[in-house]
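Engineer: Shown below is the structure under consideration.
Here, each number is a calculation from the coordinates, and none is a lab measurement. As the structure is a computational prediction, the values presented were derived from the model and not from experiment. A quick note on method: Cβ atoms are made from the backbone with ideal geometry, for glycine too, and the neighbour counts reach across all protein chains shown.
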Amino acid sequence: MAQYEHLPIYKKAYDLTLYFEQIVRNFSRYHKYTVGTELRQHSREALRLLPRGN
């Protein structure tokens, strides 16, 4: 396991990403594919960039 996966900020960002996935499932069809897609992409991007900041 990589070292950055033990960081509290990484764990919180991962939890937030999972939370967004659950929330977006309940969006209406229109918002699921517009706003929901953006939320998912940005949360995954933050998760992807955290190891670089480490």
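Engineer: Specify the angular offset, from 0 to 90 degrees and rounded to the nearest 10, of the alpha carbon long axis of helix 8-25 from the longest principal axis of the alpha carbons in the chain.
Structural biologist: 10
Engineer: Stokes-Einstein D for the chain at 20 °C, 1.002 mPa s, Kirkwood Rh over Cα pairs, in µm²/s?
Structural biologist: Using the Kirkwood radius from Cα pairs, D works out to 182 µm²/s.
Engineer: Could you work out the relative contact order of the stretch 3-53? I mean the mean sequence separation of Cα pairs under 8 Å and 6+ apart, divided by the number of residues, in percent. Mind showing how you got there, number by number?
Structural biologist: Details: 24 pairs, mean separation 23.7, N = 51.
It comes to 46 percent, rounded to a whole number.
Engineer: To continue, here is another question. If you place +1 on the Cβ of every Lys and Arg and -1 on the Cβ of every Asp and Glu, how big does the dipole about the Cα centre of the chain come out, in debye to the nearest 20?
Structural biologist: Working: 9 positive and 5 negative charges, 26 e Å.
So the dipole magnitude of the chain works out to roughly 120 debye.
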